[in-house]
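The values are calculated or read from the model by the stated rules, or taken from the named source; none is laboratory data. As the structure is a computational prediction, the values presented were derived from the model and not from experiment. Reconstructed Cβ throughout: ideal geometry from the backbone, glycine too, with neighbour counts over all protein chains shown. For accessibility, only protein heavy atoms count, side chains too; no ligands or nucleic acids. Shrake-Rupley method; radii C 1.70, N 1.55, O 1.52, S 1.80 Å.
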Amino acid sequence: MPRPIAARIQPDAIRHNLQLVKQSATGSRAFAVIKANAYGHGIERIYPALAGADGIALLDLDEAVRVRELGWTKPLLLLEGVFEPADVELAAAHRLTVAVHCDEQLDLLAAAKPQHPIDIQLKMNSGMNRLGFRPHAYRAAWERARGIASIGAIGLMTHFANADDGHIDWQLDTFDAVVQDLPGEQSVSNSAGVLWHPRAHRDWVRPGTILYGASPTGVARHVEGFGLRAAMTLTSRIIGVQTLAPQETIGYGRTFEVDRPMRIGVVACGYADGYPRHAPTGTPIAVDGVRTRVVGRVSMDMLTVDLTPCPQAGIGSSVELWGDHVRVDEVAEASGTIGYELMCALALRVPVVVADGTDTARATQAHGERVAA
Ligand SMILES: *Cc1c(COP(=O)(O)O)cnc(C)c1O
């Protein structure tokens, strides 16, 4: 019998969230962003839910090859482009679209002789200051790209620094001023752009986190009412119960002292499972469907919860660490991070089950991972 912890992945939730994206950005095609092994969900597990996407975007060449091997024939975009000459050959062989963000990548493409031209997305650094050509250098880069025989269609791309708090105009105005008379499909919106900036929808949108049901701001209430469903539910069970008297403390560091008699549930989930050690006393958690709070310090394999709101709970009671009762964003916010990080950090030791539409969970083996018992 393995520990009772499990992550349940629901492709149906992703299908539903993708539908919401399509309704929000009606005139645009959508690249489903599945970098980082689909934000921790597992590319192979969620792949069937992406049928309605117009393209897929990710970072790693080997992930892109996996997606082609699954049968994906539509556009497949490498968001950071190529890193060395061999990548160019693979990009051509698998018909990948590659982001091009610097002169060195243009050099790689210029030096290559692929079997057929490679479509690119020419990236502008409009203010994020990570990757991309500066606005003043962008047109020259575009002219150069147009003259390179191994380059096919040239898309126009940029990325927003703070689409999550309402300010994109300064970047989009810069972008528009530079590309105004350039042909090519435009792609500028991440999840936040999809939700809150219709002006930025353009030809293609690039939603990531909202496909998985998490908030682009990291704050759950910012996406309330949008109807997103959680694609990952992390559950476990109570494996111990303690009844404490006033002044007794819980766990390492004795960080929580009870001020009244309190029943405490011990949950089989800790930071070695990917639950954040920084989650403080008060972090929401659900026991038997009732919301309560984490108390005391999260340890490697266990954490402790206040059973006051659920007096019927005992050993064997089900616990939701995050999912539809407790949003991953709520746990993240309490812990000083964002849902993205928690989803991506789900530990390899956690068994994963895929729940299909009929609600029968089935254990799956994803790339390089163990099968749930
Ligand atoms: C990760 C990423 C996205 C998706 O971002 P979300 O905030 O998860 O929607 C879009 N575009 C680029 C270039 C990215 O790297």
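Here are some notes:
- Charged-residue dipole, Cβ positions (Lys, Arg, Asp, Glu), the chain about Cα centre, Debye nearest 20: 540
- Each of Gly155, Phe226, Gly240 was placed along the dipole of the chain (beta-carbon charges, centred on the mean Cα), and the one lying farthest toward the positive end is Gly240.
- C-alpha center-to-center spacing [region 247-271, region 192-212] in angstrom: 42
- Global form of region 83-136, assessed from the alpha-carbon gyration tensor, a/c cut-off 1.5: prolate
- Accessible area of the chain belonging to carbon and sulfur atoms, whole % at 1.4 Å probe: 52
- Where a label projected 7 Å from the Cα of Thr249 along Cα→Cβ would reach, residues of region 260-275 with amide N under 17 Å: 260
- When the charge dipole of the chain is built from unit charges on Cβ atoms (+1 for Lys and Arg, -1 for Asp and Glu) and taken about the Cα centre, the candidate among Gln19, Thr73, Ala30 whose Cα reaches farthest toward its positive end is Gln19.
- MRE, 222 nm, helices only [DSSP H, n ≥ 4, -39500 (n - 2.57), over the chain, to nearest 500]: -6500 deg cm²/dmol
- Fully extending the segment from Asp176 to Thr73, taken as 0.36 nm per residue of separation minus the present Cα-Cα distance, adds 34.0 nm.
- Local electrostatic count at Leu131 - Lys and Arg +1, Asp and Glu -1, tallied over other residues with Cβ under 10 Å: +1
- Label-to-label distance, nm, for residues given as Glu89 and His167 (7 Å Cα→Cβ offset): 4.8
- For region 232-326, the relative contact order comes to 35 percent (Cα pairs under 8 Å, sequence separation of at least 6).
- Relative to the 2.2 N^0.38 Å rule of thumb, the chain has a C-alpha radius of gyration ratio of 1.11.
- Placing a label point 7 Å from the Cα of Glu104 along the Cα-to-Cβ direction, the residues of region 31-69 whose backbone N falls under 18 Å of that point are 60-61.
- Relative intensity, log₁₀ I(q)/I(0), of region 279-364 from a Debye sum that treats every alpha carbon as a point, q = 0.21, 0.23, 0.24 Å⁻¹: -1.17, -1.29, -1.34
- With kT/(6 pi eta Rh) evaluated at 4 °C and eta = 1.567 mPa s, and Rh the Kirkwood radius from Cα pairs, region 11-219 diffuses with a coefficient of 75 µm²/s according to Stokes-Einstein.
- With the largest listed first and rounded to whole Å, the semi-axes of the equivalent ellipsoid of region 232-326 from the Cα gyration tensor are 19, 15, 11.
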